[in-house]
Structure formats: C-alpha cells, structure tokens
Amino acid sequence: MNNSKEKSASATVSRRFSRRFQIDLIVEGVLVGLAGGGVVTLYRLSLSNAEKLLRAITGAINGDLSLMGLWFLALLVLVAIVGTLVRWEPSTSGSGIPQVDAEVIDRMDMPWHRVIAAKFVEGTACAFAGLSMGREGPSVQLGGMAGKAVSKLFRRKRGEERLLVTCGAAAGMSAAFHAPLTGVLFALEEIHKEFTASLIISVMASSLVADYLMSGVLGVAPVMSLTFVHDLPHIDYALVVILAVICGVLGALHNRGMFACQGLYGRIKKLNPYLRLVIPFMLAGVAAFSWPELMCGGDAIFEQIVKPNGLLFGSVVALLVGKYLFTTISFGSGAPGGTLFPLVVMGALIGSAFAFCASGFFGFDMTYYPNFVALGIAGLFSSVVRAPVTGVVLVFELTGSLDAMLSVSLVSIISYMVANLTKTDPFYEHLLSKQLGVQADNPAVSGLTGQKIVKIIHVGAGSRLEGMRVSDVPWPDGCRVVLVARASSELIPTGDMRIEALDELLMIMDSEAEDDVTMKLNLMTRPSLK
C-alpha cells in the first residue's frame, strides 16, 4: 500500500516538473477554452433571446390588466422551476463565483454536469423574468465546470483539476465580457490568487480561445463601448481623486447593503428557496410594467448613458438608486445570477452623475464625459471586488484605448484603499466565507477527502529560509519537500542541503491542511523588505 502511494507521488512529481506538463497544460487550456467558451456563448444567446422575448411580451400586454395578471402567474411558474432546480443542485444558487473559489481551494466538489444543466436553465428563467442580475457570475461558474469536465475526461488528479477549473473561469469571464485579458486577470487575481508561468499561459490560452469562439458566433462588437475624445488634462486630476474617494465609499456601502439584504432573507426559514425567490420575481413583474429600464443586467441603461444628451442628472441618480435596490433584492434572495454587469452599469451611472456635478459646480467641460463614465466603472469595480488590476484592464478593453491608463489606475488604487479603510469585506471574499461556513460541516459536499496534493513554493530573496539547511527548517505539519528546482537543475533534497534564494520547492501536502500549510510556507519564503 505504501509502495503504491510512493509510486503515485513520484509520478506526480515527475509530471509536474516535466516539459510535457507545460505543453499539456496549454493544450488542455485550449480545450477548456473551447468547452467553456462554447457553453457560455450558448448561455449568452439564451439570455439575449429570453430578454428580447420578455420585453416584447411585457411591452405588448402593458395596460391590459387581465394579461398582466397572467404574466404574474407565469412569474410564479418560473419561481417554481428555478426553486426546484436550486433544491436539486444547491451549488447553483447565487452568482457562482464563490462556489468556483471554493472549488479551487478544494473546499467543494461540485458535480459539473448537474451544475451546467441547472445553471443554464435557471439563468435563462431569471432573465426571462427580468431580474436585475448579470451573466458574468454564472458564466464563470459554467466555464469552471467546463474546465472540470475536461479534467475528468483526461482523468487528471485533483490538483491539476483545480488549475483547469481556473482556466474555465477565465474562459467564462472572457466570453461573457468579450474581454480576454479581463478574464485572465480576474481568474488569477480574484479566484486562484497565484501567479506562475505555467498557470498564466494555460489561463491565457483558455481565455483567448473562448473569446475567439464567442466573437465568431456573436460578433466582434464590444459588450459595452466607450469612446474617448481627449485624455483628461492633468489639472483635472483633482476631480479624479474626488471621484475615487466617492467610489470607495459607495463600493463599501454597496457591499454592506448586499450583505445586510442576505441577512434579512436568511430570516425566511419556510418553503425555501421558493418563498425567497417570490419577492424579486414579483418585483420584476412590477418593474416590467412601470420601469422596464431596471430589468435584466442593464444594457438598456448603458445605451442611454453613452448616448449624447441621453439622460439628465435627476434620471441618472434615480436609475442608480433603483438599479442598486433591485439588484440587491434580486441577488440577496439567492436567485441564480450575478452582479458584475449591474455593478459595471452602476459604476457608469456614478461617473455620469459626477460629470454632471463637476460641470455644474466647476465648469467642467462635458467633452470629457465618457472619461468619467469609464473612471466610475473602474472605481466601483475596484472598491467592491478589490481587484484593482482587473478593473484597470476591464476599462482598457471596454474603451480600446490606453490614453486613460494613468487616471484609471489612480482611481482604482484610491477607491481600493478607501474601501479597505472602511473595514468592509471584499464582495466575493465575504460570499466565499459564508459559503465555506455553510459547507464546513458537510464533508460530502465540501470535498474534504484528505488527498495529497502537490504545490510549488518560491523562495524569495532575503527570506527566512534562504541559507537554512533543509533539516533545520521548522516545516509545518502535513507537508514535506520532495524536490528543489534551482536554475535548470532539479535536486533531491537532503538534510544538509542549504536552501537558496529563487529556489522552487516542490511540496507534497495534505489537502485538508493546505490553507494552513501554504500560509506558513508563504510567511517563511516571503522576500525580506530589509
């Protein structure tokens, strides 16, 4: 038994450091991009047609009380369908991004086929009902499960499977936003939170292939298009700082409001999830006949924002408040859908409102109106998600211009700092902690199987480990170093071997202790600031 385990570990080690492994990751990344991109492209088509049908039906029957009453009955049928699917596969509740996070850190083991089938139908039903939810979160989950399907096809071990789930998440984000670089950075900055050459290349392969596939079917036109006439003069950067602070505060309020709404829904204990879902579905019916711009992700609002003289200041503020409240009520219920696209729309509304204020109070030239719309998107995204680099790249891909890189970077950094100073949790990290709290006592759901996994640890220059003998290192429990990669050599560690800066340590660790072990090893290998 022990011999078989040692042979398996040896095979895993040899594969992880082989050149073939790097090539396999790229090839599998391409396959994940095809699978994830294909699923998300079909999902986007389904949502688009559902929204078109929704607006056609509600527009035609608006004013006819009997037909409007039938529409509300139809919404109750949709509640029954979505609620039944969520009970059948609970991991499809909400946006799906926290579930992918949990999968990547080995705290969930979702059945990929059930998730893809249920999430696809649920998302389409929610779009047809008109809930204020986006496609990006579900697209990330659908892409991640496509990556898991590819892993199962090639019978990869759990550690490699998690890499392919990350590739799938990037593919899903890329296809959802038509933004491949955003997909790459979101998967690395928000989901995997680790940057290695092999991971970056495979994630890029997935993201690019997914975007290529999606654009071949749906066209190359951007999901949201902004055009800059001129870059902001440096004298106006004081306004950028003010907007950044506002975005930081509003991002923190956004998160606190979302979390509080989830808490209120949590008090509903009976007939779940049906009773919770009834609230946003009925509200969607009211919005369909009274304020249709609030329905779905927010494409209709964004079209008005970028249209010359499309909205007045009062309308912008009203849409911002209405969109936030409807999105919060929709998402807080646990309905299957995301908040990223509504978040981007709300950021654009904040930038638009700020441009109106700057024009009225400071005589600001409205030629730069699109600049502040873009800055609002980056600022709110950074303060809510706490992924400032992804926010900067997202705006770059939406505008197709590097002219605003300085101002966008500035607003992203400042809004990120301001949101952190409010001691408000990052959006997806809070949802992940809540998800893990729910799953912690259920090993059948959490996937805590006690498997051995392989991880590479990089030794920083001037770190605590540099110069220490292997036998003198206080290694955390549940791990051991099996190989040291130094320059182009691979060395078998001995007790007398001294660890050098820039070494790569191949560690085998217990999956149950991975988080604790990784944290301790990172502290020991962190580069010194002295």
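The values are calculated or read from the model by the stated rules, or taken from the named source; none is laboratory data. Just so it is clear, the structure is predicted and the values come from calculations on it, not from any experiment. For neighbour counting, all protein chains shown are included, and Cβ atoms are generated from backbone atoms with ideal geometry for every residue, glycine included. Ligands, DNA and RNA are excluded from the accessible area calculation, which covers all protein heavy atoms including side chains. Shrake-Rupley method; radii C 1.70, N 1.55, O 1.52, S 1.80 Å.
Structure notes:
- The chain - percent of accessible surface contributed by carbon and sulfur, probe 1.4 Å: 64
- Unit charges at the beta carbon, dipole of the chain: most positive-side option, 494, 63, 355: 494
- Nearest-10 value in Å² for the accessible area of residue 324, using the 1.4 Å probe: 50
- Centre separation in Å (Cα based) which lies between segment 332-348 and segment 192-250: 17
- Applying 0.36 nm per residue to the separation of residue 55 and residue 290 and subtracting their alpha-carbon distance, the gain on full extension is 83.4 nm.
- Separation between Cα centres of segment 117-156 and segment 294-331, rounded to whole Å: 26
- Sum of -39500 (n - 2.57) over DSSP H runs of 4+, divided by residues of the chain (222 nm, nearest 500): -22000 deg cm²/dmol
- Stokes-Einstein D for segment 124-241, Kirkwood Rh over Cα pairs, 10 °C, 1.306 mPa s (µm²/s): 101
- For the chain, the dipole from Cβ point charges (+1 on Lys and Arg, -1 on Asp and Glu) about the Cα centre works out to 1100 debye, to the nearest 20.
- Seen from every direction in turn and averaged, the convex hull around the alpha carbons of the chain projects onto 26.4 nm².
- Rounded, prolate or oblate (a/c below 1.5 giving rounded, otherwise prolate when a/b exceeds b/c) for segment 255-297 by Cα gyration tensor: oblate
- Taking only the Cα atoms of segment 218-266, the ratio Rg/Rh comes out at 1.22, with Rh defined as the Kirkwood radius.
- Expressed as a whole percent, the proportion of Cα-Cα pairs in segment 328-445 lying more than 22 Å apart is 43%.
- Label-point separation, residue 113 to residue 321 (7 Å along Cα→Cβ), nm: 5.1
- Amide N of segment 82-117 lying under 16 Å from the label point, which is placed 7 angstrom from the Cα of residue 272 along Cα→Cβ: 83-95
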